[in-house]
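For reference, the structure is listed below as structure tokens.
Read-outs throughout are calculated quantities, based only on the coordinates presented, and are distinct from any laboratory measurement. These figures come from a predicted structure and were not determined experimentally. Reconstructed Cβ throughout: ideal geometry from the backbone, glycine too, with neighbour counts over all protein chains shown.
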Amino acid sequence: MNLQKLPKYLAKYAFREDLIATPPDHALGMVVVIPAHDEVDLINSVSSLQNCDSTSCSVEVIVVFNASENSANTILKKNNTAKEKLEAWYASAENSWFSLYCVTENNLPKKHAGVGLARKIGMDEAVRRFSTVNRPDGIIVCFDADSQCKPNYLIEIEKHFELNPMSGACSIHFEHPVSGPDFSSDIYSGIQNYELHLRYYKNGLAYANLPFAFHTIGSSMAARASAYCEQGGMNRRKAGEDFYFLQKFIDVGTLTELKTTMVIPSPRPSHRVPFGTGRAIQEMLDEEREITKSYAFDCFEMLKDCFQDVRQFYSSSAGANELLLAFVGHQEWEEKLSKIRSQSTSLERFEKRFFRWFNAFQTLKFIHFLRDNCFLNKPLETEVPKLLEKLEIKKPWKGLLEELRQLDRT
């Protein structure tokens, strides 16, 4: 193990110098990073972690309270109040078996201020903590200020990386609450449809046999510190930071799935990000989004047809789907394939390089091309059963969402 990997990363990419003065425990093996912006209370989320079964290693929780340099004073006050409440709760909590550190970043450059930079600051600090105790394979866990988890959450993450030594990062199973006293019936109905859309899309990619059929949810992922450094760390995107971060691990084939525990993200609406769960629910409430619809199943059938055998393009471009060529462009298609062929010494290498080019982002753009030009969005209630039938789940007695949850759990 290269012990210099972590300090080299920090010297080149870290956004901040040391943020925590207290030295880490020598047995530190896991750091949970929580970005917090404009939050009223984080006690429920952090107490959910405290209620977890204890791990064999020491654990730290780093909460990054963050705001832009041009944020309103009301947001700064809310950040400070939430921080004070959390620290007071932790000081009085019984049996606190992990260390809690609160970092304040209330003056971030407005160009980059957002969840991506907040995660990066916390994750980089986790790297620094692991570097101090020479633990390059320490685990960095991403959580959210409004999420909760099952009691076996931390020990299952620890076990997962022990059992999967080649895994650089993992996507963790999640399920939104779909009933209860905390939100309106409209919100619970909306989150059922939104999560159904997420699972439909992910399993549609799996049906098409594409190598990037993974959920990419920021509150439900973890990575080894060494792998985090190898992939250049977290990006500074204001939204979608999770998608682009995990894409790196998909490209190199080291992303795995953890299905033996569960994160419970909040279904609350939000104006704070340009897209994602909170924005989708808010747009539904504002009647700006048809949350009961998603991509026509024809889109996934088209993906399957286009990419069922990409190895055929190793020797020739013949047989490419016309819609795919219209999306990419005939000349660019030929130029890309020619370049990939020249860099590949075998069919296997060609296939890997092909999907590093035509990756999850390109696939999503192609899906949108198909939606805009061929197959209009359709109701989830008509399209999800088509996928289930192809997967030989012909009688979804438990309901569409529960069937796809069960599929993702197993």
Magnitude of the Cβ-charge dipole (Lys and Arg +1, Asp and Glu -1) of region 297-376 about the Cα centre, nearest 20 debye, reported as 440
Dipole moment magnitude, nearest 20 debye, the chain about Cα centre, only Lys, Arg, Asp, Glu C-beta charged
1020
Suppose R0 equals 35 Å. What FRET efficiency, 1/(1 + (r/R0)^6) with r the Cβ-Cβ distance, do residue 88 and residue 244 give to the nearest 0.05?
0.45
State, to one decimal in nm, how far the label point of residue 25 lies from the label point of residue 275, with both points 7 Å from Cα in the Cβ direction.
4.1
The chain, relative contact order in percent, only Cα pairs under 8 angstrom and at least six apart counted:
18
Output for region 245-329: GluC sites (Glu not before Pro) sitting in coil per DSSP, at most 16 other Cβ within 10 Å, listed by number, reads 287, 288, 290
Gyration tensor on Cα atoms of region 1-68, a ≥ b ≥ c root eigenvalues, a/c under 1.5 rounded, else prolate if a/b beats b/c, else oblate, says oblate
Enumerate the calculated ³J(HN,Hα) couplings along region 150-165 in order (Karplus 6.51 cos²θ - 1.76 cosθ + 1.60, θ = phi - 60°), each rounded to whole Hz, writing x wherever the residue is Gly or Pro.
6, x, 8, 3, 6, 6, 6, 5, 4, 5, 4, 6, 5, 7, 10, x
Scan region 87-138 for trypsin sites (Lys or Arg not before Pro) in coil per DSSP, keeping those whose Cβ has at most 13 other Cβ atoms within 10 Å, and list them by number.
110, 111
Between the alpha-carbon centers of region 145-186 and region 326-384, tell me the distance in whole angstrom.
31
Cβ-Cβ cut-off under 9 Å around residue 116, Lys and Arg +1, Asp and Glu -1: the net charge is +3
Lys and Arg at +1, Asp and Glu at -1: add these up for the other residues within a Cβ distance under 14 Å of residue 93 and post the number.
-1
Kirkwood hydrodynamic radius (Cα pairs, Å) of the chain?
22.6
Pairs over 19 Å Cα to Cα, from 365/386; 202/293; 304/386; 238/352, come to 365/386; 238/352
Do any GluC sites (Glu not before Pro) in region 70-109 lie in a DSSP loop with no more than 16 other beta carbon atoms within 10 Å, and if so, which?
94
Could you estimate the translational diffusion coefficient of region 297-376 from the Stokes-Einstein equation, with Rh from the Kirkwood formula over C-alpha pairs, at 4 °C and 1.567 mPa s, in whole µm²/s?
100
Percent antiparallel among DSSP beta bridges confined to the chain, nearest 5, equals 30
Under 12 Å from the Cβ of residue 351, count the other residues' Cβ atoms, weight Lys and Arg +1, Asp and Glu -1, and hand me the total.
+4
May I ask you to list the aspartates and glutamates whose Cα is less than 19 Å away from that of residue 259, ignoring any residue fewer than eight positions away on the same chain?
53, 144, 156, 158, 162, 175, 195, 242, 402, 403, 408
Mind putting a number on the dipole of region 1-135 about its Cα centre? Charges go on the C-beta only, +1 for Lys and Arg and -1 for Asp and Glu, and I need it in Debye to the nearest 20.
620
For region 297-376, build the charge dipole from Cβ charges (+1 Lys, Arg; -1 Asp, Glu) around the Cα centre, then report which of 327, 344, 313 sits farthest towards its positive end.
344
Amide H of residue 67 versus every other amide H placed in the peptide plane: which residues, excluding those fewer than 5 positions away on the same chain, fall under 5 Å?
105, 106, 107, 108
Antiparallel content of DSSP bridges confined to region 105-259, in %, to 5:
65
Let me know the shape class of region 153-216, please: from the alpha-carbon gyration tensor, a ≥ b ≥ c as square roots of the eigenvalues, rounded when a/c is under 1.5, otherwise prolate if a/b is greater than b/c, or oblate.
oblate
Pull out a ≥ b ≥ c, the square roots of the eigenvalues of the alpha-carbon gyration tensor of region 170-321, then state rounded if a/c is under 1.5, prolate if not and a/b is larger than b/c, and oblate in the remaining case.
oblate
Cubic angstrom per residue, convex hull over Cα atoms of region 369-410:
86
Using alpha carbons only, how many angstrom separate the centre of region 13-36 from the centre of region 229-283?
21
Where does helix 185-207 land angle-wise versus the long Cα axis of the chain, in degrees 0 to 90, nearest 10?
50
In degrees, nearest 10, range 0 to 90: what is the angle between the Cα axis of helix 380-390 and the longest Cα principal axis of the chain?
70
